[in-house]
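Please read the structure below before turning to the comments.
The values are calculated or read from the model by the stated rules, or taken from the named source; none is laboratory data. Bear in mind the structure is a predicted one, so any value in this text is a computation, not a measurement. Cβ coordinates were reconstructed from backbone atoms using ideal geometry, including for glycine residues, and neighbour counts include every protein chain displayed. For the accessible areas, the whole protein counts, side chains as well, though only heavy atoms, and no ligand, DNA or RNA atoms are used. Shrake-Rupley method; radii C 1.70, N 1.55, O 1.52, S 1.80 Å.
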Amino acid sequence: MTQAQLEIQLLAMATAVACSLCGVFLVLRRMSLLSDAISHTVLIGIVIAFFLTGDMASPWLLVGATTAGVFTVLLVESLQKTGVVREDAAIGLVFPALFSIAVLLISIYSKNVHLDMDAVLVGKIALTPLPSRRLEFGGYDFGPKSLALMIAIIIVNIGFIILFFKELKVSTFDPAFSKAIGFNPYWIHLGLVLSVSTTAVASFDAVGSILVVALMAAPAATAYLLTDKLSIMLVWSCIIGMLCAVLGYWLAHFLDASIAGSMATVAGILFGMTFFFAPERGLFSVWQRAKIRDRKFKLALLLVHLTQHEGTIREREECNIESLHLHLRWNEYETRSVAFEAVESFCASQENKVLRLTPKGRIIALESLQIGTNLS
């Protein structure tokens with residue numbers, strides 16, 4: 001692995017951690033689309049700051065972009081509070097409008113500026129090792145400027161989360177309760193928005209808007225499927241984000257494709273795998289638990305049926321394994337399967353094709369009847 005490859009991966013990992021920390025709260029607050037809006041509308045802040053300073057390297061571009069991100073959120077919230085449009089519609093109205101204004105300003109007043117897919121969508125992460133993008137001080141090379149900036153953003157985000165963890169937790173899960181105890185969640189919300197805006201702006205030039213959105217939404221959504229604890233979710237989100245960065249880079253290297261696009265693809269693949277195979281919330285696990293509950297219910301129903309006809313004149317007919325499916329109104333294969341399970345679990349015994357309860361089966365049947373009586 002060359003130094004250039006290492007630096008690209010380190011920048012991607014740092015960006016993933018910074019975005020994932022903010023993304024957890026966006027996912028929990030159902031505000032994931034805001035990252036998409038902010039990653040586009042920061043362009044108008046950059047454009048206006050460039051017009052005022054005339055310098056693409058000016059730090060005021062960062063200030064302008066951050067301000068544009070905060071303005072986007074405030075405008076979305078203002079529209080939402082009117083009650084005329086929902087939050088998703090407000091986002092869909094605001095960010096295309098501001099992004100379009102930025103593109104128009106560039107095309108009218110700065111026609112020599114080349115606005116292409118690399119600049120807006122996929123970023124310039126492959127250019128990270130270039131000499132013009134390095135941080136040099138006192139004759140020493142401290143690595144890429146973008147990496148130093150993202151490390152600073154990570155420190156700020158972690159500091160914000162640690163300092164206001166309780167407030168973030170309460171205002172995220174129960175805003176009404178936070179108001180009831182005398183705490184105004186608006187200021188924490190504003191701080192989170194500022195953190196998201198700053199992170200999106202810092203990531204925009206390096207990795208592009210596609211990867212910013214992917215890294216804020218996908219790792220957090222994946223972590224949400226793996227745990228219910230907020231602190232663990234934050235850790236999982238960062239780990240998954242870094243995994244997306246490393247695997248995505250080597251996928252791009254193998255396919256000779258876009259690095260940012262490959263990282264976003266890996267993020268989607270990891271989410272898809274977790275969506276199906278997560279231990280608790282995965283689709284397969286949910287289906288498996290539902291299947292087990294269904295089998296237990298049918299076993300209990302069979303045992304209750306046997307108790308109702310135990311020792312009666314019609315016992316040989318009602319409890320006969322050959323005709324049992326007709327009385328229970330199940331298909332024959334399913335009936336034989338449940339009956340076999342009852343025998344295997346020592347809940348019933350079979351004598352001349354007639355099922356009879358064992359002491360264990362009788363207890364389960366009586367407990368099921370008691371539960372049914374209590375529910376009714």
(message) Just to make sure I understand: if all protein chains stay in place, what is the order of I151, I106 by accessible area at 1.4 Å, largest first?
(response) I151, I106
(request) Measure off, as a whole percent, the carbon and sulfur share of the 1.4 Å-probe accessible area of segment 191-238, all protein chains present. (result) 72
(message) Lysine pairs in the chain with Cα distance under 17 Å, only those 8 or more apart or on different chains: how many are there?
(response) 7
(request) Please say if segment 1-91 is rounded, prolate or oblate, where rounded means a/c under 1.5 for a ≥ b ≥ c the square roots of the C-alpha gyration tensor eigenvalues, and otherwise the choice is prolate for a/b larger than b/c and oblate otherwise? (result) oblate
(request) Determine by what factor the alpha-carbon radius of gyration of the chain differs from 2.2 N^0.38 Å, reporting the quotient. (result) 1.42
(request) For n ≥ 4 DSSP H runs only, could you compute -39500 (n - 2.57) per run for the chain, divide by its residues and tell me the 222 nm figure to the nearest 500? (result) -25000 deg cm²/dmol
(message) Probe radius 1.4 Å, ligands and nucleic acids left out: which of M233, M242, M273 has the largest accessible area, and how do the rest follow?
(response) M273, M242, M233
(message) What number comes out for accessible area per residue over the chain if the probe is 1.4 Å? Units Å², please.
(response) 54
(message) If packing is taken as the average count of other Cβ atoms within 10 Å, what order do 60-68, 97-105 fall into, highest mean first?
(response) 60-68, 97-105
(message) If DNA, RNA and ligands are ignored and the probe is 1.4 Å, what is the ranking of S20, S337 by accessible area, most exposed first?
(response) S337, S20
(request) Round to the nearest 10 and report in Å² the accessible area of I232, as given by a 1.4 Å probe over the protein chains' heavy atoms. (result) 70
(request) Compare the peptides 218-225, 70-77 by average per-residue count of other Cβ atoms within 10 angstrom and give them in order, highest first. (result) 218-225, 70-77
